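To keep things clear, I will list the structure first and then write my remarks on it.
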Amino acid sequence: MAWRDSRTQRQRLAIFSLAIVSGIAALVAIHSLKASVQTGIDTQAKALLGSDLEIAARKPIPPDAEARLAARAKRVSREVSFASMLYFPTADAARLVQVRGVEGAYPYYGKIETIPADAWTRLHAEPGILLEPAMLDQFNAKVGDKVKLGSLELPILGTIKKAPPRNAGFLGFSPDAFVGLGDIPRMGLLGPASLATYHLHFEMPAGTNLKKTKKSLRAEFPDTAWRIETPDDRRKTLGDALDNFQQFLGIVALAALVLGAIGVASAVHAHVSRRVPTVAILRCLGCPGDLAFSIYFAQSIALGVVGALIGGGIGIALHLGVIVFFRASLPIEVDPTPEWRVAAVTTAAGFVVCCGFALLPLLRIRRISPSATLRDGAALDGPSGALRAWPIYLLLAGLLMALASVNASDWKRALGMVAGLAAAFGILLAIAKGLVLAARRVVRPSWPYLLRQGISNLHRPHNQTLLFLLSLGLGTFLLLTILFTRNLLTQRLTLSQFVDSPNIYLIDVQPDQLEGVKTLIRSQKLPVLETAPIVTMRILSVRGVPVRELEKDKKIPKWILQREFRSSYRDHLNSTETLIAGQWFPAKSSTPQSPILNSASTKDTATDSGHAPPNPQSAIRNPQSKDPQSAASLSLEDDIAKDLRVTIGDEIVLDVQGVPVTALVTSLRKIDWSRFNLNFFMIFPPGVLESAPGFDVVTTRIPPGHSSGELQRVLVHQFPNVSAIDLTLILDTVRGILEKISRVISILAGFSVLAGLPILAGTLLNGRDQRLRESVLLRTLGASARQVRAILVIEYVTLGALSAFAGLILAIAANWALAFFVFEAAPWPDPLLVGAAFAITTILALLSGLALSRGVCRHPPLEILRGAA
């Protein structure tokens, strides 16, 4: 019966199938791309580390422990890094560098680029050194010149364009100098008490769970002070950009599926409306309502399967096409291989969601009365079935929640996305019903006839107002949300991410040199972006409990016990900080002056390594008591506050180079670490640390296409103790990634808009029959074709404007919520974009309605009245 009934309706049923094809194709393509990007991100994260696992220690790792570690891995490479002075005989000058002695095949991920190209290979085969290009500019050196490290002279084999990942992060205090690991002993620079870091880099077997491996190593070597890193630990260096990109992909995928589901519900609703007489005849012949429902449900399932398979295939093709044709625009390298598992799962999930939406209009079939064969008014038995459909609504909510959970980082965001869609649906439903009621009551006899007729069409029997406004309004809401979010992200990524970020750091500027260094920078026609004093310190106790006891009780991470914090003081937040709890220091702090007793004596007692005094507890002034009058205010970064398990009002005792300082946490800050401004875990107000030994950092920015060599040459002559750190290459790399992300977002937003337009057109097409019949009736009563078109224009403009207005308001609200809770960016869209979106949506509704109503004035009235059409 399902097959026979479809014979005369297959062209219209194709709308149902095409809606599924469109929604599932977009879902599969976007989720496949999301999976490919995730795989690429994992590979990129490995390139940021250079290996699967890295272990760093302050002392050489014992041979037996190294053997046990090596047994877990496929390959192992060793590295030793330490700070030393590099002497340039040709310039009779020296420079502090970070010496990195490497051996083996490290890095296992990522590519090393040098000039000449074979310099990295030669470094492992012969004595030599690789330096950063700016150092050669600074000292007028060239490849082939010799430099001296300790007692060893080494030739410069080349310059390093793309270096192995930095072990100390981006903000190392000196430029890297690469040598062979075998040359280190001949330098005579390392002794038993030398400050060096010993690294082991591991390539693990495929499929190794690195998170579990890291945890098992902590358990196997509990008494070691090793720093263990995996690629996941390095992903934060790219900031939130890639996470935001994936969030955007998830939103686009969910929106595309819901658009497809709207098209499905609209098409099935139109199909059921046309089959009411057929179902009524079946009911007269004794067919139960459930059996009639099953016939049309079987049609929907069959067409849904076909549509899902076609849509899945198109989605896979789109995924591969995006990767092949837009590979240069993708933020990372992506393998052009179909994501078969993702495609299968998303196709099945999309099919179930679309069929779930189809159930809503199909439930009408069970309530069609046999008396519908006699008159339309008796088409349905009993009251509205909205309450009876609540299991379907729960099913749809659960399915959408499951899909949103895949896209969102936590269940709260997923619930928010689904709740937002449900709220939008409810608001549009209320607006549609309100419009129908208002159209019935607002019309006045004094109005012109055409205006009265056009407005009255909104509440006519069997009108499409409710379905039209729901479909167009919800589609407008989803598409505009994608566009607004795309605009929000691209503005953040391309305009503000690194506009004010420095790329040159001047380290170890003494307080009496600060003004001279700033003057020197300005003389080079460069801006002075930021300055910050830096004082080193360690944590002695938290809430009166020594950190050693807390670490033994597993209440704080071990790294906090070993960490020497470089902190600062100022009276303002910078552009990368957001206050999330507590109060910032007042403009004129009432905090007592520095608790540090004598800076001259403490400088002598502090060790180079920053170790605490032999008996730290003897230096604490009554750590169990909290005296706000004698404690300094302290602002903490929120993540370290979580690691320390402290909150506003808690006490921390710090060892500031031998002098205990009691501080109370008065505020917590969230920091955007993806930008390269001067950020610190701990910030004090002015009047606390001024007398402590320390140094200043000054930042500036070299324009694109320029080198920092000239600045460094002048700097080394006037301030030889000051080191310049050039981050231009790193910033260019990250900026390139963000620009690619912006381009991909634009491509996907455009694709989503194009995918949604046919679905909205299908919604208009479903009401064509009813409009055709009414237009012919008007012509029979004497209306001209011009008058009929004017009535249609009034109706479509009213529906389009109201749908655009409702969709815009909902999209602005959704954009605000996404900006605040997900992307942490400016929430308000461009007013010009809002106005353009309203005008375009209204005009699109008008043009689509007129185009799909084309020909209604050319049908003979008698033909329509007989039902031949």
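Only one of the numbered conditions (1) open to solvent by 20 Å² or more (accessible area, probe 1.4 Å); (2) more than 22 Å from residue 95 (Cα to Cα); (3) at pLDDT 90 or above is violated by residue 181, and that is (2). Considering only residues that are under 18 Å from residue 83 (Cα atoms) and assigned to a helix (DSSP H, G or I), which ones fall in the range 135-168? 135 - this is the single residue of the range 135-168 that is under 18 Å from residue 83 (Cα atoms) and assigned to a helix (DSSP H, G or I). Criterion first (modelled with pLDDT under 80 and open to solvent by 10 Å² or more (accessible area, probe 1.4 Å)) does residue 235 satisfy it? Yes; evaluated as a whole, the condition is true for this residue.
Among the residues of the range 133-152, what is the count of those that are surrounded by fewer than 21 Cβ atoms within 10 Å (Cβ to Cβ) and farther than 15 Å from residue 181 by Cα? Even if it seems obvious, please write down each step before you answer.
Of the residues in the range 133-152, the ones surrounded by fewer than 21 Cβ atoms within 10 Å (Cβ to Cβ) are 133, 136-137, 140-146, 148, 150-152.
Then keep just the ones that are farther than 15 Å from residue 181 by Cα; that gives 133, 136-137, 140-146, 148, 151.
Within the range 133-152, residues that are surrounded by fewer than 21 Cβ atoms within 10 Å (Cβ to Cβ) and farther than 15 Å from residue 181 by Cα number 12.
The listed residues are 552, 525, 558, 588, and the only one of them that is modelled with pLDDT under 90, of a type outside the set (S, T, N, Q), within 20 Å of residue 701 (Cβ to Cβ) and open to solvent by 20 Å² or more (accessible area, probe 1.4 Å) turns out to be 525.
For the range 24-125, the strands (runs of 3 or more DSSP E) that sit wholly inside it and include 3 or more residues that are open to solvent by less than 10 Å² (accessible area, probe 1.4 Å) are 53-57, 75-88, 93-102.
How many residues does the range 784-834 contain that are open to solvent by 20 Å² or more (accessible area, probe 1.4 Å), under 30 Å from residue 413 (Cβ atoms) and either outside any helix (DSSP H, G or I) or not aliphatic (A, V, I, L, M) (or both)? Qualifying residue count for the region: 12. Quick one: is residue 272 modelled with pLDDT of 80 or more and in a helix (DSSP H, G or I)? So residue 272 fails the test. Restricting attention to the range 419-460, which residues are open to solvent by 30 Å² or more (accessible area, probe 1.4 Å) and outside any helix (DSSP H, G or I)? Within the range 419-460, 443, 444, 445, 446, 447, 448 meet the criteria. All conditions but one from (1) closer than 18 Å to residue 797 by Cβ; (2) at pLDDT 80 or above; (3) among the aliphatic types (A, V, I, L, M) apply to residue 427; the one that does not is (1). Among all positions in the range 93-109, there is at least one residue which is at pLDDT below 90, more than 21 Å from residue 183 (Cα to Cα) and not aromatic (Phe, Trp, Tyr). Residue pairs whose Cβ atoms lie under 6 Å apart, separated by 6 or more positions or on different chains, with the first residue in the range 561-573 and surrounded by fewer than 18 Cβ atoms within 10 Å (Cβ to Cβ) and the second of a type in the set (Ser, Thr, Tyr) and at pLDDT below 90, are 564/536.
The values are calculated or read from the model by the stated rules, or taken from the named source; none is laboratory data. All values reported here derive from a predicted model rather than from experimental measurement. We place every Cβ from the backbone using ideal geometry, glycine too, and count neighbours over all the protein chains shown. Protein only, heavy atoms only, side chains kept; ligands, DNA and RNA dropped before computing areas. Shrake-Rupley method; radii C 1.70, N 1.55, O 1.52, S 1.80 Å.
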